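The values are calculated or read from the model by the stated rules, or taken from the named source; none is laboratory data. Quick caveat: nothing in here was measured; it's all calculated off a predicted structure. Every residue, glycine among them, receives a Cβ derived from its backbone with ideal geometry; neighbour counts consider all protein chains shown. Protein only, heavy atoms only, side chains kept; ligands, DNA and RNA dropped before computing areas. Shrake-Rupley method; radii C 1.70, N 1.55, O 1.52, S 1.80 Å.
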Amino acid sequence: MAAQERRMRRSAAPLLLLGGAAVSCAPAFVAVTSAPRTAPARAVAPVSHVASAGPETGRSQLAGAAVAAASLLAANAARRARTARRAEEKGALQQLLGMKGAGETDDTPLWKIRLQLCKPVTWPPLIFGVIAGVCASGNFDWGQATGADYAKLLTCVLLSGPVLVGYTQTLNDWYDKDLDAINEPYRPIPSGRITEEEVWQQIYVLGGVGLAMALALDVWQGHWPPTVFAVAVVGVLMAYIYSAPPLKLKQNWITGCYALGSSYIALPWLAGQCTFGEVTPEIIALTLWYSVAAVGIAIVNDFKSVEGDKKLGLSSAPVVFGIDTAKYMAPAIKDTVQLTIVAYLLYIGEWPYALGLFCLIIPQVYFAKTLFIEDPLKNDVKYQGSSLPFFSIGTIVAASAIGNNPLH
C-alpha cells in the first residue's frame, strides 16, 4: 500500500504542476484583439451657418473647426504610429522565436540571429516529452527528489530542447534555404543575415554539445551501456537524414512526417526515461506508436509551405492529397492515435488516467473543427497553439499512468 501511495504521489505531482503551467501560459496561445475605438463626436459648424453669421463670429467658428480638424488628424496619425510600432515589435518577437509571419530587420545582432535559427517556439513539446519519460520511469518522486535529481532533469531538458532541437532546426534551415526563400524569405539564411560558415559553426557546436551532455548524464547516473547517449546519437542522425540529401526523408510526406513525429515524442520520452530508469521493448513500441499522432501535427506544419513545396516538387501531404483532404487527415490521425492510447490505459487498469487523457482530446477536436478545418491556410499556427498544449499534457498523463502501474 505504501509503495502504491508513493507511485501515485510521483505521478500526481507533475500533473498538478503542468495544470498550473497550462493556465499560466494560456495567454501565450491566445490572440489578443483590441476593441475598436470610436473617435469622440465633434461638432463642426456647417458652412452655411458660418456664412450667415457676422464676420467676427464666422472667423471664430472657422478657426474652431480648423483646430478640431487638426486635432483629429494628429490623433489619427498618432494612432497609426502606435499601430505600426506594435506591429514592428510583434514581428521582431515572432522573428526571434522563429515563428511564421515574422518581420525583417537588417540590424539584428548575431546572437539573436543564431537564436532565430534554433526556433525557440519549437522547444516546449520536447520539454514535455522529457517530463513524460521521467514520469514513465516511476523513479522520480517530485516531492522527495534531491537537488542533484532536479539538476539531472534540467540537463536532460536542455539537451533535448534548446541544444538538439537547435541543432536540428539549424541543419534543416540550411538545407531548406531555397524553400524558405519562397515561403519565408525573412528567415536568417535566405535573407543573407548569416554566412554559411557561421551556420555550420552552429550546427557542429550544438551537435557536439548535445552528444557530450548525453554522455555526461550517463556517467552521472552510472549507466552502462550509455543509453541516454544512444538516444542522442539516434536523434542527431535522424535530424541529418530528415533534412539532408541523399535520403532527405522530408521529401516524402510519410517518412518525413514520421521522422519529425518520433523526434518530438519518442526520442525525448526515451531520453527522460533512460535518465532515471530503464526502457523496455513495450515502452519503445508505445512511444513509436504514439509518435504516429505527431504525423498529424507535422501535416499541419506543412500547410505553411504549400506554395514552395509545389514549386520544388516536394510531396508534402497538402500537395499530394490537396488542401481539402489534408485538413481532415491531420487532426484525424492525431486524435485517433490518442484514442488508442486511452484504450491501452484502460487495458492496463489505469482508468482515471484514461479518463483524463480522453478529456484532453475533446478541446483538440473542438479547435480542429472551429479553426483548422474552417481555414487551414489562415489558422494553421493558431490551431497548433491552441491544441498542442492539450496534446503535450496528454503525453504526461499517459506516461504517469505507466509510471504508476506496478507492472510497467
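Among the residues of segment 334-346, is there at least one that is over 21 Å from the mean Cα position of the chain (by Cα), assigned to a loop (DSSP other than H, G, I, E, B) and within 30 Å of residue 154 (Cα to Cα)?
Scanning segment 334-346 turns up no residue that is over 21 Å from the mean Cα position of the chain (by Cα), assigned to a loop (DSSP other than H, G, I, E, B) and within 30 Å of residue 154 (Cα to Cα).
Return the residue satisfying two criteria in turn: it lies in segment 187-202 and is part of a helix (DSSP H, G or I) and out of contact with any Phe, Trp or Tyr (no Cβ under 7 Å at 6 or more places or on another chain), and of such residues it is least open to solvent (accessible area, probe 1.4 Å).
Taking the candidates together, the pick is 202.
Anything in segment 376-408 that is touching a helix residue (DSSP H, G or I) at 6+ places or on another chain (Cβ under 9 Å), outside any helix (DSSP H, G or I) and open to solvent by 20 Å² or more (accessible area, probe 1.4 Å)? List them, or say none.
Within segment 376-408, 406, 408 meet the criteria.
Does at least one position in segment 306-313 carry a residue that is open to solvent by 20 Å² or more (accessible area, probe 1.4 Å) and outside any helix (DSSP H, G or I)?
Looking for residues that are open to solvent by 20 Å² or more (accessible area, probe 1.4 Å) and outside any helix (DSSP H, G or I), one finds at least one in segment 306-313, hence yes.
Could you run through segment 342-368 and say how many residues are aliphatic (A, V, I, L, M) and without any contact (Cβ under 8 Å) to a residue 12 or more places away in the chain?
4
What tally of residues in segment 143-170 results from selecting those that are out of contact with any Leu (no Cβ under 9 Å at 6 or more places or on another chain) and hydrophobic (A, V, I, L, M, F, W, C)?
5
Quick one: which of 224, 220 is surrounded by fewer than 17 Cβ atoms within 10 Å (Cβ to Cβ) and out of contact with any helix residue (DSSP H, G or I) (no Cβ under 7 Å at 6 or more places or on another chain)?
Testing whether each residue is surrounded by fewer than 17 Cβ atoms within 10 Å (Cβ to Cβ) and out of contact with any helix residue (DSSP H, G or I) (no Cβ under 7 Å at 6 or more places or on another chain) leaves just 224.
Can you pull out every residue in segment 132-174 that is open to solvent by less than 30 Å² (accessible area, probe 1.4 Å), closer than 23 Å to residue 291 by Cβ and among the aliphatic types (A, V, I, L, M)?
132, 134, 136, 153, 157, 159, 163, 164, 165, 171
What's the number of the condition residue 144 fails, among (1) at pLDDT below 95; (2) within 19 Å of the chain's Cα centre (by Cα); (3) at negative phi?
With respect to (1) at pLDDT below 95; (2) within 19 Å of the chain's Cα centre (by Cα); (3) at negative phi, residue 144 is out only on (2).
Of all residues in segment 175-186, count the ones that are open to solvent by 20 Å² or more (accessible area, probe 1.4 Å), closer than 17 Å to residue 251 by Cβ and of a type outside the set (A, V, I, L, M).
4
Search segment 246-273 for residues being over 19 Å from residue 296 (Cβ atoms) and part of a loop (DSSP other than H, G, I, E, B), and hand back the single one that is most open to solvent (accessible area, probe 1.4 Å).
The residue in question is 246.
Looking at segment 300-318 only, could you name the residues that are of a type outside the set (Asp, Glu), under 13 Å from residue 252 (Cβ atoms) and touching a residue at least 40 places away in the same chain (Cβ under 8 Å)?
Listed by number, the residues that qualify are 314, 315, 316, 317.
Consider residue 241 carefully, then state whether it is at pLDDT 95 or above and open to solvent by 40 Å² or more (accessible area, probe 1.4 Å).
yes
Could you identify the single residue in 234, 209 that is surrounded by fewer than 19 Cβ atoms within 10 Å (Cβ to Cβ), modelled with pLDDT of 95 or more, out of contact with any Ser or Thr (no Cβ under 8 Å at 6 or more places or on another chain) and closer than 14 Å to residue 165 by Cβ?
209
Residues that are crowded, with 21+ Cβ neighbours inside 10 Å, in contact with an Asp or Glu (Cβ under 7 Å, 6 or more places away or on another chain) and at negative phi: does segment 291-301 have at least one?
Within segment 291-301, one or more residues are crowded, with 21+ Cβ neighbours inside 10 Å, in contact with an Asp or Glu (Cβ under 7 Å, 6 or more places away or on another chain) and at negative phi.
Answer yes or no: is there a residue in segment 369-381 that is in contact (Cβ under 8 Å) with a residue 40 or more places away in the chain, in contact with a Leu (Cβ under 8 Å, 6 or more places away or on another chain) and farther than 19 Å from residue 268 by Cα.
The answer is no; no qualifying residue exists.
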